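The values are calculated or read from the model by the stated rules, or taken from the named source; none is laboratory data. Please read these numbers as outputs of a predicted model, since none were measured by experiment. Cβ sites come from the backbone with ideal geometry, for glycine too, and all protein chains shown count toward neighbours.
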Amino acid sequence: MLDNNFFDFNPKLLELAVKVEYDCKENFAEIEEIAEYNGAKVLSAFINNRVGESCFYGSSGYGYGDTGRDTLDRVYSEVMGAEDALARHNFVSGTHALSVALFGVLRTGDKIVAITGKPYDTLEEVIGISGVDGKGSLKDFGITYNQVDLLEDGQVDIDGIKNAVKGVKVAYIQKSRGYTLRPTYTTDDIAEMVKAVKEVSPNTIIMVDNCYGEFVEKCEPTNVGADLIIGSLIKNPGGGIAKTGGYIAGRKDLVELCANRLTCVGIGKDIGCTLSQNKEMFMGLFFAPDVVANANKTATFAMELLTRLGFECFPKRNEKRGDIITAVRLGNEDLITAFCQGIQKGAPVDSYIAPEAWEMPGYESKVIMAAGAFNMGASIELSADAPIREPFAVWLQGGITYTSGKIGVMLAVQEMISRGLISL
Ligand SMILES: *Cc1c(COP(=O)(O)O)cnc(C)c1O
């Protein structure tokens with residue numbers, strides 16, 4: 001039981017945390033069961049693909065014959081239930097990996113339809129939904145974009161999807177909620193979307209932004225028919241250990257097109273030195289199922305605690321989790337600032353810094369981000385961010401250990417209490 005040996009929590013908050021944790025028991029057991037399943041999946045992929053010491057040497061220059069790189073791709077493919085994969089430190093972010101996948105697959109005259117509503121903020125400029133013409137978006141290359149809006153309850157519009165995807169090149173799904181309060185889609189939801197698309201348009205490529213979704217469930221979208229999934233290695237699959245990078249996994253022919261876009265035609269996956277990043281990428285993937293479980297326990301604890309304090313949380317108590325996020329509708333900027341600065345106070349790194357909202361590149365409004373992480377900006381580590389705009393909610397995710405995640409969440413609440421913004 002957490003006491004005030006090392007921190008100075010309001011005694012009522014300490015008491016409340018005990019009750020909250022008790023209420024989380026069943027959820028925690030389920031999270032651990034999923035971690036065991038995914039841990040076994042990852043371990044067997046390491047064994048089946050003969051991961052050995054030689055995989056960790058890394059390479060420089062062209063990186064010809066880098067066995068670590070090639071083995072990591074095979075391990076990722078097996079774990080994701082895909083034909084092939086491209087896991088590289090060269091992806092500078094999740095957005096970059098998504099952009100490579102989009103430009104890799106789409107050609108002038110093609111159409112892309114987002115079937116889960118408007119994509120994540122940073123994708124807007126990539127696609128050309130916002131931003132200035134002439135900077136090299138998909139739109140500049142003559143690729144047209146359309147979207148199927150969500151129904152009022154946040155679920156996808158299956159009839160609308162069937163009407164919109166006939167003959168289009170790419171149907172685009174975003175699993176996680178992004179900076180919205182719509183539900184995160186589970187793999188079962190995605191299976192239904194896949195079925196709807198393939199029924200009317202069997203050749204349409206189904207691409208899934210899988211950011212924050214990896215290892216939260218027993219299956220990945222590729223296990224239920226998605227053609228291509230994309231994610232960031234400073235989120236779930238990097239396990240808090242990979243220093244940077246991203247991955248693309250899916251159909252072999254499509255992964256080849258993506259590799260040709262990341263490097264160039266004629267080179268594809270054959271070149272690309274790994275410097276000294278291989279070991280961290282392997283170790284990160286190995287740790288990922290358990291680290292994701294810690295993040296999910298943190299997210300569940302936060303949801304229970306903040307729900308009890310009267311804030312609306314997403315997902316709600318009995319909703320199935322599809323990602324590691326808990327979104328909390330705090331209602332105003334003061335609460336958001338207190339919450340984020342409280343989270344930062346509990347960070348193992350940069351705890352003494354107070355984050356402020358600023359105009360981040362790629363985002364349409366000011367954003368405040370609390371992230372005191374070993375890897376800069378890594379949101380598999382406990383982090384909270386919020387665009388300063390309606391609905392004045394904060395998106396909380398990560399926690400590579402549950403203890404630090406729980407303490408971080410409690411410090412966020414403590415900060416709101418200390419500033420007189422809430423009372424217990
Ligand atoms: C994090 C995230 C991305 C990519 O963001 P980066 O900061 O570029 O890694 C894309 N889509 C969703 C839903 C995300 O959560």
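General remarks:
- Residue check, Val409 at pLDDT 95 or above and assigned to a helix (DSSP H, G or I): yes
The rows are residues; the columns are (1) more than 14 Å from Gly342 (Cβ to Cβ); (2) under 18 Å from the mean Cα position of the chain (by Cα).
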position	(1), (2)
Met376	yes, yes
Ala384	no, yes
Ile388	yes, no
Glu415	no, no
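- Residue list for the stretch 377-396, restricted to those being within 12 Å of the ligand (Cβ to nearest atom), part of a loop (DSSP other than H, G, I, E, B) and either modelled with pLDDT of 95 or more or in contact with a Lys or Arg (Cβ under 9 Å, 6 or more places away or on another chain) (or both): Ala378, Ser379, Ile380
- Lys235 being basic (Lys, Arg) and in contact (Cβ under 8 Å) with a residue 40 or more places away in the chain: yes
- For the stretch 24-47, a tally of residues being crowded, with 16+ Cβ neighbours inside 10 Å and either of a type in the set (A, V, I, L, M) or in a helix (DSSP H, G or I) (or both) returns 11.
- Selection of first residues in the stretch 73-99 that are within 17 Å of Gly272 (Cα to Cα) and touching a residue at least 24 places away in the same chain (Cβ under 8 Å) and of second residues that are within 16 Å of the ligand (Cβ to nearest atom) and charged (D, E, K, R), restricted to Cβ pairs under 8 Å at least 6 apart or on distinct chains, gives the following pairs, ordered by first then second residue: His89/Lys243.
- Here Lys169 qualifies as farther than 22 Å from Ala295 by Cβ, surrounded by fewer than 24 Cβ atoms within 10 Å (Cβ to Cβ), touching a strand residue (DSSP E or B) at 6+ places or on another chain (Cβ under 7 Å) and of a type outside the set (Val, Ile, Thr).
- Look at the stretch 265-276: where a residue is closer than 20 Å to Ala101 by Cβ and a partner is surrounded by 15 or more Cβ atoms within 10 Å (Cβ to Cβ) and hydroxyl-bearing (Ser, Thr, Tyr), sitting 6+ places away or on another chain with Cβ atoms under 8 Å, you get Lys269/Thr263; Ile271/Thr263; Gly272/Thr263.
- The stretch 174-204 - residue that is aliphatic (A, V, I, L, M) and crowded, with 24+ Cβ neighbours inside 10 Å and, of those, nearest to Ser93 (Cα to Cα): Ile190
- Selection of the stretch 1-23 for residues being crowded, with 16+ Cβ neighbours inside 10 Å and not in a helix (DSSP H, G or I) yields Leu2, Phe9, Asn10.
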